[in-house]
Structure formats: structure tokens, C-alpha cells
1. Which condition number does Asp44 fail, the rest of (1) among the acidic types (Asp, Glu); (2) in a helix (DSSP H, G or I); (3) crowded, with 18+ Cβ neighbours inside 10 Å being met?
2. Considering only residues that are among the aliphatic types (A, V, I, L, M), touching a helix residue (DSSP H, G or I) at 6+ places or on another chain (Cβ under 6 Å) and surrounded by fewer than 24 Cβ atoms within 10 Å (Cβ to Cβ), which ones fall in segment 71-97?
3. If I filter segment 89-104 for residues that are under 24 Å from Gly238 (Cα atoms) and hydrophobic (A, V, I, L, M, F, W, C), do I get at least one hit?
4. Restricting to segment 337-373, give me the number of residues that are within 22 Å of Val295 (Cα to Cα), out of contact with any Lys or Arg (no Cβ under 8 Å at 6 or more places or on another chain) and assigned to a helix (DSSP H, G or I).
5. Across segment 53-95, what is the number of residues that are farther than 30 Å from Lys120 by Cβ and either small (Gly, Ala, Ser) or not assigned by TED's automatic domain parsing to the domain that holds Val143 (or both)?
6. Looking at Ser207, Ser201, can you tell me which residue is closer than 29 Å to Gly27 by Cβ, polar (S, T, N, Q) and buried (at least 18 other Cβ atoms within 10 Å of the Cβ)?
7. Could you check segment 212-246 and list, in sequence order, the residues that are touching a strand residue (DSSP E or B) at 6+ places or on another chain (Cβ under 9 Å) and of a type in the set (A, V, I, L, M)?
8. Of everything in segment 400-436, what is closer than 12 Å to Leu491 by Cα and of a type in the set (Asp, Glu)? Give them in sequence order.
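The values are calculated or read from the model by the stated rules, or taken from the named source; none is laboratory data. Bear in mind that the values here come from a model prediction, so they are computed numbers and not experimental data. Don't worry about glycine lacking a Cβ; one is built from the backbone with ideal geometry, like all the others, and counts go over all protein chains shown.
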Amino acid sequence: MATQTQSDKDRVIIFDTTLRDGEQCPGATMTHEEKLEVAELLDDMGVDVIEAGFPIASDGDFAAVNEIARRAKNSVICGLSRASPKDIDRCAEAIKPAKRRRIHTFLSTSPVHMKWKLQKEPHEVYEMVISQVTRARSHTDDVEWSAEDGTRTEHDFLCRCVEAAINAGATTINIPDTVGYTVPEEYMALFKMVRERVPNSDKAVFSVHCHDDLGMAVANSLAGIAGGARQIECTINGIGERAGNTALEEVVMAMQVRNDVMPYWTGIKPAMLTRASKLVSAVTSFPVQYNKAIVGRNAFAHESGIHQDGMLKNAQTYEIMTPETVGVKQTSLVMGKHSGRHAFEHKLEELGYHLAANQLEDAFVRFKALADKKKQIYDEDIEALVDEEIATAHDRIKIISLTVIAGTMGPQSATLTLDIEGRHITTQSTGNGPVDAIFNAIRALVPHEAKLELYQVHAVTEGTDAQAEVSVRLSENGRAYTAKGADPDTLVASAKAYLGALNKLTSKRGKEPGVENRIHSTDVG
């Protein structure tokens with residue numbers, strides 16, 4: 001809410017593209033149910049505009065955008081489309097159920113993109129801008145137009161296109177740094193220049209969309225705001241193609257903590273940032289960098305003796321914001337095998353989880369099983385357990401039992417039983433090590449040609465009884481699928497992670513024939 005010191009002219013619109021640009025990140029594909037869950041959280045968190053997907057890309061994308069539009073309570077629901085009439089009409093159809101809806105249509109304007117990507121002359125591109133915005137405006141009065149590769153576009157041509165787009169009905173103008181090439185001073189000057197030179201610039205909101213190829217996405221976005229833009233396009237955890245997008249949590253907290261030099265404000269509820277980060281990490285199986293700003297595991301950790309001494313005397317010596325501000329709870333050891341269902345449910349609420357009744361019951365059963373193996377249950381243990389429960393709730397292939405024989409006298413062997421859509425199937429396989437044997441057993445029960453691109457293990461907490469968290473990435477036909485599995489037994493966690501990725505792969509293959517030909521936006525920004 002605005003205070004006496006906050007005016008509408010300083011209000012920054014948060015446009016979240018986690019479900020569109022973020023999901024294009026190799027390996028970050030989400031299921032339909034996962035997209036709905038992320039969208040619900042973004043809606044509750046105060047995100048102004050949710051770019052829910054690229055409807056013409058696939059039937060799955062269309063269905064997700066359409067259902068998110070149907071369920072949204074507060075946010076504007078936006079779909080992306082290229083310049084073609086078919087794209088725009090499909091996008092309009094997908095967002096139709098939303099109370100508030102936007103079409104985001106884009107077209108390349110830089111010399112290199114026009115020559116090699118579009119293979120069109122500038123005058124042809126100019127006419128396409130007018131026609132695409134006009135068509136989008138015929139469907140909704142909220143239209144955003146993006147000049148793809150805007151930071152490498154000639155200024156005169158950029159200004160002509162922006163003026164034409166606004167005249168045709170665009171209410172938001174996005175000038176993206178599509179390839180992460182610009183620097184803060186340059187980007188700020190670009191917005192000042194366009195807003196000064198374009199006669200009708202006061203009739204549109206200007207938007208920033210930056211990529212992190214040179215590590216300056218957040219700095220560039222904030223510089224664009226200083227240059228007069230009032231919308232930031234960003235993603236949770238900064239996920240996205242190549243080096244990723246502007247991180248939502250970072251720009252929001254930068255404006256809040258340094259409001260003295262950046263006197264802008266947003267409608268985001270900061271206390272939900274950590275939960276959003278964990279949910280997106282769980283459903284995409286993309287780990288958050290430990291030292292990542294705002295939501296990283298070490299963001300509020302202090303190991304240096306000098307730092308610890310200062311913290312004990314006054315937290316402000318080394319913390320510019322409190323952990324509670326962004327929804328971080330202090331780790332506690334109150335849970336154990338004697339904890340009941342009510343205490344478990346209370347702990348989940350404290351950690352920011354709100355599970356359906358069946359998910360809560362399944363999570364509690366797994367918690368009790370873990371408590372029998374582990375003396376001390378840390379918050380991180382519960383988070384790993386629940387995140388896995390969320391990620392695997394709709395899996396059609398699940399592990400029933402696993403026995404592994406390993407040691408110096410190979411070959412190692414694995415006996416594995418899987419539940420495949422209600423049928424229990426068992427096999428025994430050998431391999432060059434226990435993990436190889438497990439994965440061979442899975443391939444025997446679920447034949448596939450996917451390539452293992454990543455196998456990574458780390459401990460959730462300290463100690464020899466710590467849960468192992470394993471990440472696995474499988475690729476097939478140019479598409480990558482990543483999943484995580486957690487268990488006190490590293491080998492069981494490995495099997496869970498592999499099956500998680502395989503479930504995503506087979507689900508996508510089954511629901512979307514020809515998924516390898518799925519259309520991508522070629523990175524609008």
C-alpha cells in the first residue's frame with residue numbers, strides 16, 4: 001500500500017515472466033500442475049502482471065495460460081505472441097477467462113535481427129509493428145509491445161517504431177536488453193532519449209527487461225527505472241535462458257532497502273520472497289546458489305569471527321535487512337519422531353507451506369519415516385521432504401523398493417521395484433558402480449534414449465545422517481528435464497531424482513506429441 005511518501009508516479013509495476021521466459025531455461029520445464037501452483041503464489045504475493053506462457057508454442061502452454069487466467073484473483077494475466085495474426089489470436093483465446101488480461105507481442109528491431117532473423121527491410125518491420133499492435137488491441141485494451149534486441153537498435157528507428165506502436169494502441173512499451181549487452185548508464189540514457197523524443201510517450205508505461213549475460217541485469221533494470229521506465233520484467237531466482245533474467249527478489253528489496261536513493265515502491269509482499277524462491281527451485285529442480293542475494297542459504301549466515309562478534313552486539317553491523325523481512329525463519333530443532341500431526345502442520349505453515357489434505361497426509365507419513373532414521377530434524381530436512389512431495393505428487397512412475405549390493409568386488413548390482421501407473425515391476429541390473437546399476441535398472445523397466453547430462457549430490461544438513469539431495473538432468477530431442485530427490489540414503493535419493501526427471505520427460509512426451517518441435521520465443525528479452 002502507498003504511504004504518504006509514496007506517489008503513483010513512483011509506483012513500479014512488477015511483471016513476472018518465470019512461467020514464460022524462466023521456463024525456457026534449459027531443464028526448467030514445469031508440469032501443468034506446477035505452473036498453476038507457482039502462478040497462485042505469484043498472484044498472492046502481489047505480482048502485478050504474470051506472463052503465464054507462450055500460448056501458440058504448444059497445447060500444453062495454451063492450457064496452462066488458459067487455466068491460470070481462469071484462476072487468477074488479482075494479477076493481470078499476460079500471454080506472449082509473435083507478430084503473426086495466428087499467434088495473437090491464439091494468445092487472446094488463452095487469456096480470455098482472466099478478469100484482467102494483456103497481450104504481449106514483440107518484433108525484432110535491431111539491424112542484425114532484421115537482416116538475419118526476420119530477413120526484412122526496416123520499412124516492412126515498421127508496418128508489421130502497426131499491424132500486430134492493432135490486431136492485439138482488437139482483443140484487449142491492455143497491449144504491450146516489445147522491440148526485441150532494443151538495446152542494439154538504431155535510435156531513430158526505435159523511436160519511430162515506439163511512436164507507431166503507441167499510436168496503434170500499445171499501453172506498455174518494453175525495450176529489452178535481449179542479449180544482456182547494455183550497461184546501466186547506457187540503458188538509463190536510452191529510456192530518457194526515447195521518452196523525450198517520442199511525442200506520445202506519455203501515453204504508455206515503459207518497461208525494462210534485462211538478461212544477466214554480463215552480470216548486470218538487476219543494475220540495468222534499476223537504471224532503466226531511473227531513466228523513466230515504470231515496469232520491471234523479472235523472474236523468481238533470476239531463472240531464464242543463458243545467464244538468466246533480472247531476479248525479482250533482488251530488484252524489489254533493492255528498492256525497499258535503498259529507498260533513499262531509489263524512491264520507488266512495488267506491491268510485492270517481501271515476506272513471501274523466500275517461499276517463492278523455494279517453490280520455483282523445487283518445481284524446476286534448479287538449486288539456488290548458496291550465496292545468492294536475498295534468498296540464498298548463506299544470505300543471512302555469518303561465519304567470520306569478526307562478523308559474528310558484530311552481529312551479537314548489533315545485527316545492523318552486518319545485516320542491511322532482517323531475515324524475517326523476506327520470510328526467512330531461523331533453523332530450529334523442535335521436530336522429531338514424537339512430534340504429532342498438528343505440530344507438523346504448524347511447522348509447515350511457519351515455513352510458508354500450505355498443502356492440500358492428501359499432500360499433507362503423505363508428507364506427514366514421510367516425515368515420521370524420516371524421524372525414525374534421523375535423530376534431529378532440521379527445517380531444511382522438512383523443506384527438502386515437502387518440496388519433493390510437491391514435485392512428485394503427480395508422477396506416474398514411483399519407486400517401491402531398492403536393494404543395492406556394492407563394494408570393492410564388482411560388478412555392483414541393484415534390485416529395483418517400480419510402480420508404473422499401478423503395476424509393480426521388478427528387475428535386477430549390474431553396473432560400473434551402484435548408481436550406474438540403479439540407472440541401468442530404471443532403463444530396463446522404463447526403456448528410453450534420454451541422455452544423462454547432470455548427476456549432482458549434496459547434503460541437506462550437517463552430519464553423517466544428513467539427507468542427501470541429488471539433482472539429475474536428462475535430455476531427449478533437444479529438451480532437458482531436471483529433477484531432485486532427497487533421502488538419508490544417497491542411492492535412494494539418486495533413484496528418486498532420476499525417476500523425477502524421467503517422469504517429466506515421459507509426461508511431456510505423452511501429452512504433447514512432437515514436443516521436440518515446440519516453438520520458443522527466441523528470447524524476447
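1. Result: Asp44 fails condition (3) only.
2. From segment 71-97, those among the aliphatic types (A, V, I, L, M) are 72, 76-77, 80, 83, 88, 92, 94-95; that's our starting set.
Add one more test, that the residue is touching a helix residue (DSSP H, G or I) at 6+ places or on another chain (Cβ under 6 Å), and what stays is 72, 77, 80, 83, 88, 94-95.
Ala72, Ala83 - these are the residues of segment 71-97 that are among the aliphatic types (A, V, I, L, M), touching a helix residue (DSSP H, G or I) at 6+ places or on another chain (Cβ under 6 Å) and surrounded by fewer than 24 Cβ atoms within 10 Å (Cβ to Cβ).
3. Yes, there is a match, as at least one residue in segment 89-104 is under 24 Å from Gly238 (Cα atoms) and hydrophobic (A, V, I, L, M, F, W, C).
4. 3
5. So the answer is 6.
6. Result: Ser207 is the single residue among Ser207, Ser201 that is closer than 29 Å to Gly27 by Cβ, polar (S, T, N, Q) and buried (at least 18 other Cβ atoms within 10 Å of the Cβ).
7. Answer for segment 212-246, where residues must be touching a strand residue (DSSP E or B) at 6+ places or on another chain (Cβ under 9 Å) and of a type in the set (A, V, I, L, M): Met216, Ala217, Val218, Ala219, Leu222, Ala223, Ile225, Ala229, Ile232, Ile236, Ile239, Ala243.
8. Asp436
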